[in-house]
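Heads up: the structure comes next, in structure tokens.
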Amino acid sequence: MTVYIPFELQRRVRDRFANCCAYCRMAEDLSATTFEFEHIVARSAGGETMFDNLCWSCPMCNRFKSDRSSAADPLTDQEVALFQPHTDRWADHFSWDEERTEIMGSTPIGRATVLALKMNRPQMIRIRKMWVAMGEHPPADLE
């Protein structure tokens, strides 16, 4: 079921994330897909439709995250919280590899999020290579 999000709240969320996916940082204007408002804490888990619980997400990150709030860190196999776009700084948990095409998790939260949201799918790496060559990637840091 789709939930109504007032226009002003939609604008605030889009502005907060600079029209980029809060997770993988893909710029919406480089994509052929329409981005979505994602409930960080899923509505099914009691998450509310309010600014601090909404982020701007590409459809793939939104689908792979689904209603999850945690995942296993592939290095330690310990269950950890997924990246929280409003409270965690992206640069504290992630970085770009040397070619700027793969997202590297630098903390348990980052590693678990990269794996759970499949941020380095071969298709994404390929398209990021094209964006780098065009001078369109990576996007500026939001913080």
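The values are calculated or read from the model by the stated rules, or taken from the named source; none is laboratory data. Note that the structure is predicted; figures quoted are calculated from it, not measured. Neighbour counts run over all protein chains shown; Cβ positions are idealised from the backbone, glycine included. Keep in mind that these areas ignore ligands, DNA and RNA; they rest on the heavy atoms of the full protein, side chains included. Shrake-Rupley method; radii C 1.70, N 1.55, O 1.52, S 1.80 Å.
Working with all protein chains in place, sort Val13, Val132 by solvent-accessible area computed with a 1.4 Å probe, largest first. Spell out each step's value before the answer.
Numbers: Val13 0, Val132 35 Å².
Descending accessible area places them as Val132, Val13.
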| query | In nm, what is the difference between 0.36 nm times the number of residues separating Asn19 and Phe51 and their Cα-Cα distance? | reply | 10.0 nm
| note | Expected field for Asp77, accessible surface area in Å² at 1.4 Å probe radius, rounded to 10, holds 120 Å²
| Dimensions (Å) - the stretch 56-115, Cα atoms, principal axes, largest first | 32, 28, 20
| remark: Relative contact order in percent for the chain (Cα pairs under 8 Å, 6+ apart) equals 19 percent
| task | Using packing as a proxy for protection, rank 96-109, 53-66 so that the peptide with the highest average count of other Cβ atoms within 10 Å comes first. | result | 53-66, 96-109
| said: Using the Cα atoms of the stretch 9-143, I'd like the radius of gyration and the largest Cα-Cα distance, Dmax, both in angstrom. | reply: 14.1, 43
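Which net charge results for the neighbourhood of Cys21, defined as the other residues with beta-carbon distances under 10 angstrom from its beta-carbon, given Lys and Arg at +1 and Asp and Glu at -1? Numbers along the way, then the final one.
Working: positive: Arg25; negative: Glu28, Glu36, Glu38.
Taking every other residue near Cys21 into account, the sum is -2.
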| said: Give me P(r) over the stretch 16-93, computed from all C-alpha to C-alpha distances, binned every 10 Å, as integer percentages. | reply: 18, 50, 28, 3
| remark: Counting only protein heavy atoms with a 1.4 Å probe and every protein chain in place, the carbon and sulfur fraction of the accessible surface of the chain in whole percent equals 53 percent
| said: Counting pairwise Cα distances across the stretch 91-143, what percent come out greater than 18 angstrom? | reply: 31 percent
| remark: The alpha-carbon center of the stretch 16-32 and that of the stretch 73-115 are separated, in whole Å, by 17 Å
| Approximate spin-label separation Ala42-Ala133, in nm, with each point projected 7 Å along Cα-to-Cβ | 3.9 nm
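Give, in nm to one decimal, the length gained when the segment between Gln78 and Asp29 is fully stretched (0.36 nm per residue of separation minus the Cα-Cα distance).
Roughly 14.0 nm would be gained on extension.
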